[in-house]
Amino acid sequence: MNITLKYFSWIRVKLKKSHDLIELKQNISFKELKNYLISKDPVFKEIFEDKSVKYFLNLSEIDDENQLINNGDILAFLPPVTGG
Amino acid sequence: MIKITNESFDLETEFKCVSSNTNGAYSFFLGTVRSDLSSSNKKIKGIYLECYEELALVQLKKIRSKALNNWKLNECLIIHRIGKLDLGEKIVLVITASSHRANAIKACEFVIDSLKIDVAFWKFHLLDNDQKEMVLQKSLDNEKMLKWKDIIN
């Protein structure tokens, strides 16, 4: 299955890219995806340790680490916002 | 009406969009780019606004809907710029329209307070050396939002 990751603000700057397309063999939970990403790039450890970062799956905020991620899903990484 | 745009906007034109004989009061909030010092004490020459547009539109619709329902507004317009903006340029416009002034004023304040902490925009200062410096969220903005919790359902 394929999922899209979108990065914003300091996370985009830190990773030096605005998005990733990830190919996985099966559906996984958000928690499992976090571990997978940390194993690929240690920068993700810093991101996931920052409690101010919010995660939105298909435009809805994730409030359960066990939430399943499915083929075609879009997961966005959002640091605290500063509009207005 | 909600708009996210990299184009500037004209106040009179936008006012005509919400103007109606049923309204007796309008409240406006206009945010602009001010000459400021960055967190590293450098002069800024403008700002860059990043946005997750699909999400920001959903979030703005929710805020607008709450404002319309809680203060019985006749109309609520929100425009937010994105991209590169020079000093003095318009960033954000909120216009609320109601029969009487109290509702329009309160609703306008709620919309801009919410927008500051609940919508997917990120501001960067543009420095003289063409570098970008991230603007951090202010704790004051979060504190301001707390006062609305008892008012908004």
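A few notes on this one:
- Tilt relative to chain A, helix A:30-40 - C-alpha long axis, 0 to 90 degrees, to 10: 80
- Relative contact order for the range A:2-78, counting Cα pairs under 8 Å that sit 6 or more residues apart, in percent: 45
- Separation of alpha-carbon centers, the range B:78-153 and the range A:11-55, rounded to whole Å: 29
- With 0.36 nm allotted per residue and the present C-alpha distance subtracted, the B:Ser99-B:Lys3 stretch has 32.2 nm of extension available.
- Over 22 Å (Cα to Cα) - which of B:Lys16/B:Lys72; A:Lys14/B:Lys3; A:Lys17/B:Lys43; B:Lys3/B:Lys149; B:Lys90/B:Lys123 fall in this group: A:Lys14/B:Lys3; A:Lys17/B:Lys43; B:Lys3/B:Lys149
- Applying 0.36 nm per residue to the separation of A:Lys14 and A:Asn71 and subtracting their alpha-carbon distance, the gain on full extension is 17.9 nm.
- Normalised by 2.2 N^0.38 Å, with N the number of residues, the alpha-carbon radius of gyration of the range B:43-153 equals 1.16.
- Of the peptides B:64-71, B:92-99, A:5-12, B:142-149, the order by per-residue mean of other Cβ atoms within 10 Å, starting with the highest, comes out as B:92-99, A:5-12, B:64-71, B:142-149.
- Average other protein chain Cβ within 10 Å of Cβ, residues B:45-55: 4
- Pair B:Val58, B:Asp118: separation of 7 Å Cα→Cβ label points (nm): 1.5
- Förster radius 30 Å - calculated FRET efficiency between B:Lys132 and A:Asp64, Cβ distance, rounded to 0.05: 0.30
- Three-way shape label, the range A:2-78, alpha-carbon gyration tensor, a/c 1.5: rounded
We did not get these values from a lab; they are worked out from the coordinates using the rules stated. Everything quoted here is computed from the prediction, not taken from an experiment. Every residue, glycine as well, gets a Cβ built from its backbone with ideal geometry; the counts of neighbours run over all protein chains shown.
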